[in-house]
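Peer 1: Before we start, here is the structure in question, set down as structure tokens.
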Amino acid sequence: MVKFRLNGEQVVSESPTDTLLLWVLREEMKLTGTKFGCGIAQCGACTVHLDGSPARACVTPVQAVANRSITTIEGLASPVGQALQQAWESEQVPQCGYCQSGQIMQAATLLEQNPQPSDADIVSYMNGHLCRCMAYPRIQRAIAVAADRAITEEPAQ
Ligand code: FES
Ligand code: FES
């Protein structure tokens with residue numbers, strides 16, 4: 001058994017401890033927003049947050065997240081996460097959609113660290129997240145739009 005926090009709730013996985021986190025999320029926890037693309041940490045489709053940093057669930061055994069905190073696309077409720085999801089809609093980013101939850105999870109950690117990234121910052125940070133539909137220009141634009149909205153909507157001090 002492996003205990004960890006998942007989208008803010010304490011959970012227990014009863015899968016063998018070497019089971020990959022991706023399968024624990026999808027098969028055991030029934031959270032299918034995290035996708036299986038390559039299975040070898042090369043595409044980013046399976047990206048989740050592990051203690052707030054991006055992690056590739058397809059190569060992470062569940063025992064590695066014991067007593068740690070995982071956020072998936074289903075639990076991405078931060079202001080930055082909300083701004084990104086709204087921008088994804090307004091900019092009509094997805095085509096097939098398969099890569100998109102991983103893209104959003106990666107983008108959320110960018111905006112947490114760097115609230116006003118340049119175009120070059122966005123391209124550099126998102127490098128390694130593959131989109132077979134070539135939605136890259138819309139992904140880049142949506143991240144910039146989300147950054148502007150997150151700044152604009154920040155409560156006054
Ligand atoms: S499925 Fe994990 S990086 Fe491709
Ligand atoms: S939208 Fe189809 S793979 Fe990215």
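The values are calculated or read from the model by the stated rules, or taken from the named source; none is laboratory data. These figures come from a predicted structure and were not determined experimentally. Positions of Cβ are generated from backbone atoms using ideal geometry, with glycine treated the same way; all protein chains shown enter the neighbour counts.
Peer 1: Checking Leu22 against (1) in contact (Cβ under 8 Å) with a residue 60 or more places away in the chain; (2) at negative phi; (3) outside the structural domain of Val145 (by TED's automatic domain parsing), which test does it fail?
Peer 2: Every listed condition holds for Leu22 apart from (1).
Peer 1: Related question: So how many residues does segment 76-104 have that are more than 10 Å from ligand 2 (Cβ to nearest atom) and closer than 13 Å to Ala142 by Cα?
Peer 2: Looking only at that region, the number is 14.
Peer 1: Pull out all pairs, ordered by first then second residue, where Cβ-Cβ is under 9 Å, the residues are six or more apart or on different chains, the first lies in segment 101-117 and is outside the structural domain of Arg56 (by TED's automatic domain parsing), and the second is of a type in the set (D, E, K, R) and assigned to a helix (DSSP H, G or I).
Peer 2: Listed by first residue and then by second, the contacts come to Ser101/Glu74; Leu110/Asp121; Asn114/Asp121; Gln116/Asp148.
Peer 1: So, one more: Restricting to segment 32-59, give me the number of residues that are touching a strand residue (DSSP E or B) at 6+ places or on another chain (Cβ under 8 Å) and in contact (Cβ under 8 Å) with a residue 40 or more places away in the chain.
Peer 2: Matching residues across segment 32-59 total 8.
Peer 1: Now for a separate question. Which residue is surrounded by the most Cβ atoms within 10 Å (Cβ to Cβ), if the candidates are limited to segment 115-130 and must be in a helix (DSSP H, G or I) and not hydrophobic (A, V, I, L, M, F, W, C)?
Peer 2: Top of the filtered list is Tyr125.
Peer 1: Those residues that are surrounded by fewer than 19 Cβ atoms within 10 Å (Cβ to Cβ) and outside any helix (DSSP H, G or I), I need them from segment 131-141; list them, please.
Peer 2: Residues satisfying the conditions are Arg132, Cys133, Met134.
Peer 1: For segment 1-110, please list each of the strands (runs of 3 or more DSSP E) lying entirely inside it that holds at least 1 residues being under 28 Å from Val145 (Cα atoms) and within 12 Å of ligand 1 (Cβ to nearest atom).
Peer 2: 47-50, 53-56
Peer 1: While we're looking at this one, here's another question. Report yes if Arg149 is within 16 Å of ligand 2 (Cβ to nearest atom), touching a helix residue (DSSP H, G or I) at 6+ places or on another chain (Cβ under 9 Å), in a helix (DSSP H, G or I) and over 27 Å from Thr19 (Cα atoms), otherwise no.
Peer 2: Here the answer is no, as Arg149 does not meet what is asked.
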